[in-house]
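Data block below; observations after.
Only the coordinates and a few stated rules stand behind these numbers; no lab work does. Computed from a predicted structure; not experimentally measured.
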């Protein structure tokens, strides 16, 4: 999964928009942290296994 701006999102199914609830939940997280996203229908918890920064 990669957090991107709208222009990079098109045609890349593994990318998420930087303004999405998922991207906001990942802000300031580190490896082994958990990210909790609460969409209207349910609650999801993801464990962060790695972080990479692209250039």
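Tabulated data for the structure shown
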quantity: Per residue convex hull volume, Cα atoms of the chain, in Å³; calculated: 93 Å³
quantity: Contact order relative to length of the chain, as percent, for alpha carbon pairs under 8 angstrom and 6 or more apart; calculated: 23 percent
quantity: Alpha carbon centroid spacing (whole Å) that separates region 19-55 from region 1-17; calculated: 15 Å
